[in-house]
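Comments concern the structure below.
Every number here is computed from the coordinates shown, using simple stated rules; none is lab data. These numbers were taken from a predicted model, which means no experiment stands behind them. All Cβ positions, glycine included, derive from the backbone under ideal geometry; neighbour counts span all protein chains shown.
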């Protein structure tokens, strides 16, 4: 009897330990300490796998959260195996769920960041079909997935396909009055129209995006990149040297956000310097 009681206490302790570890990982991620979140997540994952095995609800929960943190640091090779395991478990256990759609989206994000656009498109479309079936065409998650698919088309060089989706996405965000999402989408539309060299639309959407970011979202890194991209467009495509002022503003913005010697500031300056010397 005593041994049974002790075993029960031990199991309860382990359950509490993995749940605590998972909660700590999420909290560190929320605070912006992604490296700390990954360290805790990896320890927690080892614990749940040793107790429940890789193909378990507990392991799937931790894997998906850990994969999300790997994505924050662009560690796609680490994220993808976890997502594949999560997808296999979800399919075998619960079937075609909206949770599965989320996993497909994250896998699509991995492939897009690796510039494997066909694989990204495949997984985004699987995610979109599931969200439309489970949540409907006008659910936020459905629209976000359309946005991801549109961005994938844009980065692949298929401007017309990107614009068709992103214009639809922008209308939805305007209807629900989500200004930050509008700003992001208008920036992506500026990039898509730039592919087609439709300069009036490029200028229209970049100026709208920048105005919207400046209405209360200048902390967002996309603001600095919108400034940079628009400045480069003015200098490179329109031979308008006023674009240099937008580029200078972008470098100042990223330095204020991340620090003058940060990786983000360094990468942005490399892109900017070529155009700041343009005459």
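May I ask you to sort 247, 232 by Cβ crowding, counting other Cβ atoms within 10 Å and putting the fewest first?
Arranged by neighbour count, lowest to highest, 247, 232 become 232, 247.
How far is helix 98-113 tilted, in degrees, relative to the longest principal axis of the Cα atoms in the chain, given as a value from 0 to 90 rounded to the nearest 10?
The helix 98-113 is inclined about 50 degrees to the chain.
Once you treat every alpha carbon in the chain as an equal point and sum by Debye, what is log10 I(q)/I(0) at q = 0.09 Å⁻¹?
One equal scatterer on each Cα of the chain leads to -0.52.
Highest GNM mean-square fluctuation, the chain, Cα pairs closer than 10 Å: which of 46, 129, 162?
Highest fluctuation of the listed residues: 46.
Go ahead and run the numbers for FRET between residue 204 and residue 118, Cβ-Cβ distance against an R0 of 41 Å, rounding to 0.05.
On the way: r = 31 Å, r/R0 = 0.75.
Given R0 = 41 Å and the Cβ-Cβ separation, E is 0.85.
Treating the angle as unsigned and between 0 and 90°, give the value, to the nearest 10°, between the Cα long axis of helix 117-134 and the longest Cα principal axis of the chain.
70
Could you state the angle between the C-alpha long axis of helix 221-237 and the longest principal axis of the C-alpha atoms of the chain, as a value from 0 to 90 degrees rounded to the nearest 10?
Here the helix axis deviates by roughly 30 degrees.
Once the Cα atoms of the range 33-95 are picked out, what are the Rg and Dmax in Å?
When restricted to Cα atoms, the range 33-95 yields Rg and Dmax of 11.3, 34 Å.
How would you classify the range 98-199 from its alpha-carbon gyration tensor, with a ≥ b ≥ c the square roots of the eigenvalues: rounded for a/c under 1.5, else prolate if a/b is greater than b/c, otherwise oblate?
oblate
Can you pull a Stokes-Einstein diffusion coefficient for the range 106-151 at 10 °C (1.306 mPa s), Rh from Kirkwood over Cα pairs, as a whole number of µm²/s?
The Stokes-Einstein estimate is 154 µm²/s.
Using the count of nearby Cβ atoms within 10 Å as a rough guide to exposure, how do 200, 215, 60 rank from fewest to most?
Numbers: 200 8, 215 12, 60 24.
Ascending Cβ contact count within 10 Å gives the list 200, 215, 60.
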